[in-house]
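Undergrad: Quick one: structure below, then a few questions.
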Amino acid sequence: MFVTHHNGRVTPGDLLALAAQSCVDAAKLLHDVQVDVSPKGTFDQVSTADVEVEAFLRAALVSGAPGSAVVGEELGSASAPVTWYVDPIDGTRNFVRGIPLSCISVAAAVNGQLVAGCVLDPFRDELFTAADGVPFTVRSTGLVIPPGSSPRPLVLTDIPLPGSPYSGEMQLLEDLLAVADVRRVYSTALSLAWVAAGRADAAANLGIHPWDVAAGEVLVRASGGEFVPVGSDGFVAGRGEIVSWLAERLEGIVS
């Protein structure tokens with residue numbers, strides 16, 4: 001698929017269409033790929049599926065938008081006026097254990113500004129998309145329950161993380177449990193997509209990289225939520241008072 005040029009330029013909608021189709025095509029690889037796992041650092045993992053999906057996405061995105069560059073989790077980074085942020089399998093630790101909580105995440109930035117993002121949950125066949133000028137949407141072929149409400153805010157977070165350099169995370173979790181319902185998803189991009197869809201009130205994490213959050217940031221902002229960077233590797237995203245509550249406490253941990 002090639003993006004369409006309008007008056008000599010590519011629109012965010014064009015980039016979104018390319019990203020979404022590339023994610024859908026990449027997900028087909030997961031039906032046949034052999035999943036071999038290797039350690040990546042002390043606490044993380046990488047699978048052959050991560051590498052194969054990222055290689056496919058790189059080829060599809062750069063061929064569809066000639067001259068663009070990719071910042072990816074597994075195969076290196078480069079920059080260009082149009083830059084893609086690619087997480088081939090966000091939630092690898094879930095994926096390699098057969099737990100259906102992972103996703104493919106792709107975002108596009110133009111001159112350093114995020115303009116389009118999509119997150120594909122291949123297990124539920126749900127595609128979350130948004131771009132500048134293109135509203136947030138969810139395409140799902142499965143059972144979808146309209147999000148309801150609960151007496152306490154629902155927060156998605158993986159804090160505390162194993163091997164984290166920050167102290168105070170256990171206390172944060174204890175304080176958070178006193179005011180909110182908490183779920184650990186271990187897929188930051190999927191958590192952000194669910195916040196955008198109204199399934200949770202907020203998400204927060206530390207130790208993240210640009211490819212973890214780029215697409216999710218686009219989705220949350222497009223759905224009317226806030227995305228608040230915290231320190232050099234943290235964020236809070238969502239709606240309501242719980243966002244500022246979390247941001248204040250995370251700032252205290254990373255400062």
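Coordinate-derived values only; no laboratory data. All of these numbers come straight from a predicted model, not from anything done at the bench. Note that each Cβ is placed from the backbone with ideal geometry, even for glycine, and that neighbours are counted across all protein chains shown.
Undergrad: In percent, what relative contact order does the range 5-140 have, based on Cα pairs under 8 Å that are 6 or more apart in sequence? Can you show the working numbers first?
TA: Details: 263 pairs, mean separation 29.5, N = 136.
Reported as a whole number, the value is 22 percent.
Undergrad: Between THR137, VAL115, SER150, whose Cα lies farthest towards the positive end of the dipole of the range 78-162 when Lys and Arg beta carbons carry +1 and Asp and Glu beta carbons carry -1, centred on the Cα centre?
TA: Positive-end residue among those listed: SER150.
Undergrad: ³J(HN,Hα) across the range 168-184 via Karplus (A = 6.51, B = -1.76, C = 1.60, θ = phi - 60°), whole Hz, x for Gly/Pro?
TA: x, 5, 5, 5, 4, 4, 4, 5, 5, 5, 6, 10, 8, 7, 10, 10, 9
Undergrad: Continuing with the same structure: If the label point is 7 Å along Cα→Cβ of VAL35, which residues in the range 86-119 have backbone nitrogen under 18 Å from it?
TA: 87-105, by backbone N distance to the label point.
Undergrad: Can you report the principal axis dimensions of the range 199-255 using only the alpha carbons, biggest first, rounded to whole angstrom?
TA: Largest to smallest, the principal-axis extents are 30, 27, 14 Å.
Undergrad: Tell me whether the range 173-233 comes out rounded, prolate or oblate; compute the Cα gyration tensor, take square roots of the eigenvalues as a ≥ b ≥ c, and use a/c under 1.5 as the rounded threshold. Mind showing how you got there, number by number?
TA: Values: a/c = 1.71, a/b = 1.23, b/c = 1.39.
It is oblate, given that a/c is not under 1.5 and a/b is not larger than b/c.
Undergrad: Grab the other residues whose beta carbon is less than 12 angstrom from that of ARG93, score K and R as +1, D and E as -1, and report the net.
TA: Details: positive: LYS40, ARG97, ARG184; negative: ASP44, ASP50, ASP90, ASP158.
That sum, taken over residues with Cβ under 12 Å, equals -1.
Undergrad: Report, largest value first, the span of the C-alpha coordinates of the chain along each principal axis, in whole Å.
TA: Sorted from largest, the Cα extents of the chain read 51, 40, 39 Å.
Undergrad: Now, a different point. Decide, for the range 106-230, between rounded, prolate and oblate: order the square roots of the alpha carbon gyration tensor eigenvalues as a ≥ b ≥ c, take rounded if a/c falls under 1.5, and otherwise choose prolate if a/b is larger than b/c, else oblate. Mind dumping the intermediate values first?
TA: Working: a/c = 1.91, a/b = 1.30, b/c = 1.47.
Cα axes put the range 106-230 in the oblate bin.
Undergrad: Let me ask something else. Name the most mobile residue of SER187, SER223, SER63, meaning the one with the largest mean-square fluctuation, in a Gaussian network model of the chain with Cα contacts below 10 Å.
TA: SER63
Undergrad: Suppose every Lys and Arg Cβ carries +1 and every Asp and Glu Cβ carries -1, with no other charges. What dipole size does the chain come out with about its Cα centre, to the nearest 20 debye?
TA: That gives the chain a dipole magnitude of about 420 debye.
Undergrad: Sticking with this structure for a sec: Which of the chymotrypsin sites (Phe, Trp or Tyr not before Pro) across the range 98-206 are loop residues per DSSP, with 11 or fewer other Cβ within 10 Å? Let's see the in-between values first.
TA: On the way: sites: PHE123, PHE128, PHE136, TYR166, TYR186, TRP194; in loops: PHE123, TYR166, TYR186.
Passing sites in the range 98-206 do not exist.
Undergrad: To continue, here is another question. Can you sort VAL220, VAL254, VAL96 by how many other beta carbons sit within 10 Å, fewest first?
TA: Arranged by neighbour count, lowest to highest, VAL220, VAL254, VAL96 become VAL254, VAL96, VAL220.
Undergrad: Per the helix-only calculation at 222 nm, which mean residue ellipticity applies to the chain, given -39500 (n - 2.57) for every DSSP H run of n ≥ 4 and division by its residues, nearest 500 deg cm²/dmol?
TA: Calculated mean residue ellipticity at 222 nm is -10000 deg cm²/dmol.
Undergrad: Okay, moving on. Dipole magnitude of the range 154-254 about its Cα centre, charges +1 at Lys/Arg Cβ and -1 at Asp/Glu Cβ only, in debye to the nearest 20? Walk me through the numbers on the way to the answer.
TA: Values: 6 positive and 13 negative charges, 63 e Å.
The dipole magnitude comes to about 300 debye.
Undergrad: Determine the shape class of the range 16-144: with a ≥ b ≥ c the square roots of the Cα gyration tensor eigenvalues, call it rounded for a/c under 1.5, and otherwise prolate if a/b is greater than b/c, oblate otherwise. Don't skip to the end; give the middle numbers.
TA: Values: a/c = 1.88, a/b = 1.20, b/c = 1.56.
Oblate, because a/c is 1.5 or more while a/b does not exceed b/c.
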